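First the structure, in the form of structure tokens, and then the observations on it.
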Amino acid sequence: MAGEYGLKVVVAIVVLATVSLGGICRVGAQLHHVVGGDRGWDPSSDLASWSSNKTFRVGDNIWLAYSAAHGYIAEVKSKEEFESCDVSNPIRMFTDGLDSISMDQEGLRYFASSNVESCKNGLKLHVQVMPQSHQNPETPNPKIAIAEPKSSLLAAAAAGPTTPSGSTRLTAASLILLSFGLLCYVMGI
């Protein structure tokens, strides 16, 4: 069991190291977003700030890298469940510590920590999935409000992030490193 957890930590570190080198990988028209940037899905992450300058499109993937010690991640059905942190009837529960989620259709998607206290402190993500775009990938996308910060975080959110989010393009070497890490994970090495 400890070895399995250690492997997931190594894979998460590989993904997070890749994020520090790149963060978003464009494969064709598809983007891969590592939620929370270099911190991943963690109580110390400010997911509202991280996501505020992201545009999620049909065909993109979001990656969730997290420790089960902070709870699992639930995808919930409604804004009401999201806002109240009600994960009692999730669409899906993510428990692997490293999950890739395809944004396969337009619309709203809601993700929340299964730890209600962490969720109420902002460990949740609201994603607006937009239609595919044929624009130049270098053209900036419009901002989308993803999640409202807690009132105690309002001042910090209004000032904006003080550190980079780690959201830049992956190099070929980084993509190879990510692929190798995921291959090791799948093979159980």
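The values are calculated or read from the model by the stated rules, or taken from the named source; none is laboratory data. From a predicted model like this one, the values you see are computed outputs, not experimental measurements. As a convention, Cβ positions derive from the backbone with ideal geometry for all residues, glycine included, and neighbour counts pool all protein chains shown. Ligands, DNA and RNA are stripped out before the accessible areas are found, and what is left, the full protein with its side chains, is counted by its heavy atoms. Shrake-Rupley method; radii C 1.70, N 1.55, O 1.52, S 1.80 Å.
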Next on the checklist: Suppose we filter V11, V15, V58 for residues that are modelled with pLDDT of 90 or more and touching a strand residue (DSSP E or B) at 6+ places or on another chain (Cβ under 7 Å); which single one remains?
Outcome noted: V58
Checklist entry - Going by the conditions given, is A74 small (G, A, S) and either in contact with a Gly (Cβ under 9 Å, 6 or more places away or on another chain) or buried (at least 23 other Cβ atoms within 10 Å of the Cβ) (or both)? => result yes
Item to check | Which listed residue is modelled with pLDDT of 90 or more and either farther than 21 Å from A74 by Cα or in a strand (DSSP E or B) (or both), from H134, H126 | outcome: H126
Checklist entry - Within segment 61-71, restricting attention to residues that are within 20 Å of E117 (Cβ to Cβ) and open to solvent by 10 Å² or more (accessible area, probe 1.4 Å), which residue is modelled with the highest pLDDT? => result Y66
Checklist entry - What number of residues within segment 95-108 are open to solvent by less than 40 Å² (accessible area, probe 1.4 Å) and either touching a residue at least 40 places away in the same chain (Cβ under 8 Å) or within 12 Å of the chain's Cα centre (by Cα) (or both)? => result 5
Next on the checklist: Yes or no: segment 83-90 includes at least one residue that is assigned to a strand (DSSP E or B) and surrounded by 13 or more Cβ atoms within 10 Å (Cβ to Cβ).
Outcome noted: no
Item to check | Contacts under 6 angstrom Cβ, first residue in segment 80-94 being of a type outside the set (D, E, K, R), partner in a helix (DSSP H, G or I) and open to solvent by less than 60 Å² (accessible area, probe 1.4 Å), 6 or more apart | outcome: C85/C119
